[in-house]
Amino acid sequence: MFACAMYPTEPDFIETVREEVVQQVRRLKSHPSIMVWSGNNENEAALATDWFGIPVAQRPRYQRDYVTLYVDNIRAVVQKVRDVSETLN
């Protein structure tokens, strides 16, 4: 769903992302090769190693946006939508 880029966190965009995550998790959650829901490693690495040359004064904003998108929204939606009974113990 995402490539190596920083993404906005405006409410309209977040709502669109949440809807797409719900659709994708519902579509893929029973696939036999899905063991772990994972993602955004490139975007986290981009922030951690400053791939995009973000000015120091703006980094906290980008870090907040990252948490808003991936932790507060995508992670929360995946945890809510996936069937907990299918989770490995």
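Some observations on this one:
- Taking the numbered list (1) at pLDDT below 95; (2) closer than 26 Å to D12 by Cβ in turn, R61 passes all entries but (1).
- Of all residues in segment 64-89 being over 21 Å from M1 (Cα atoms) and not in a loop (DSSP other than H, G, I, E, B), the one that is modelled with the lowest pLDDT: S85
- Scanning segment 31-51 for residues that are at pLDDT below 90 and loosely packed, with under 10 Cβ neighbours inside 10 Å yields H31, P32, S33, M35, V36, S38, N41.
- Flag: V21 matches the condition of being surrounded by 12 or more Cβ atoms within 10 Å (Cβ to Cβ) and not acidic (D, E).
The values are calculated or read from the model by the stated rules, or taken from the named source; none is laboratory data. Bear in mind that the values here come from a model prediction, so they are computed numbers and not experimental data. Positions of Cβ are backbone-derived with ideal geometry, glycine not excepted, and every protein chain shown enters the neighbour counts.
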